[in-house]
Amino acid sequence: MFEPLFFQFAVLMLFIVFMVIRGYYGRKARPPGQKRTRKERWTDQVKYESKWLVILRIVVVYAMIVFIVIWSLFPFLIPPVTQLILVNLAWIQWIGVVICIAMIFGITCVGIHLGRQVSGTLEIKEGHTLITSGPYKYIRHPMYLVYFIFNLGLFLICLNIILLVIILLGLIVVTSRMRVEEEMMIEQFGDEYRDYMERTGRLFPPLRRKKKTHNKTRT
């Protein structure tokens, strides 16, 4: 049948394109010639994050990759009991495809605005600045929002309980990361970031802006 094969191919291609774009901006942000050992990368990751959350994040990423590959290329290995059977399945999957395509443009937009501050680990880079342009004008974590919505698109295509569990575990990791990241930014930028928090939402634009609770001098 055409449609099942199409969606199997589509989910793999969409996932690859998304990850390639994310990886491109991550590599572009690295200082020229920078090479870190596995031990150095681990040290950087656990500097601000809990060791167990880092491990969970790594498990989630690899579990997602393995699931997408198996669902796309070896669907007979997926336990049928984990697959949701819905009436008019195709139109739900098409919605998922459209969402994923939109989020590919979304991750590109975020990468452009973050520039050399894109990072897979929580860190304050040399010359780090507070980005408040583009999507960052309205929300503080547009990259995480893009991840959430892209994963929703993948779920709508696959409609599989295993994938849903992986996504929910990833949500636990990212929720914790956002809190830690904001604490880091407050420590780095102080009142400038607190003011930024007052006029933006974490993942969605605030319905109304909060009143300022402090004064600050702009330079």
Open item on the list: For Rg and Dmax of the Cα atoms in Å, pick the label among (i) 21.2, 86; (ii) 19.3, 64; (iii) 18.1, 67 that corresponds to the value derived from the coordinates.
Closed with: (ii)
Open item on the list: About the Cα centre, and with charges only on the beta carbon of Lys, Arg (+1) and Asp, Glu (-1), how big is the dipole of the chain? Nearest 20 debye, please.
Closed with: 720
TODO: Select from Phe189, Tyr136, Gly106 the residue farthest towards the positive end of the dipole of the chain; place +1 on Cβ of Lys and Arg, -1 on Cβ of Asp and Glu, and compute about the Cα centre.
DONE: Phe189
Open item on the list: Using a Gaussian network model on the chain with a 10 Å cutoff between Cα atoms, which of Ser72, Ser133, Ser119 fluctuates the most?
Closed with: Ser133
Task: Taking all pairs of distinct alpha-carbon atoms in region 100-184, Kirkwood radius in angstrom - done: 14.1
Open item on the list: Please report the net charge: other residues with Cβ closer than 9 Å to the Cβ of Arg116, K and R +1, D and E -1.
Closed with: +3
Open item on the list: If the only charges are +1 at each Lys and Arg Cβ and -1 at each Asp and Glu Cβ, what is the size of the charge dipole of region 118-193 around the Cα centre, to the nearest 20 debye?
Closed with: 380
TODO: Just need the relative contact order of the chain here, percent rounded to a whole number, with Cα pairs under 8 Å and 6+ apart.
DONE: 28
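Throughout, read-outs are computed from the coordinates displayed, never taken from laboratory work. Since the structure is predicted, the reported quantities are computational estimates derived from the model, not experimental observations. Neighbour counts run over all protein chains shown; Cβ positions are idealised from the backbone, glycine included.
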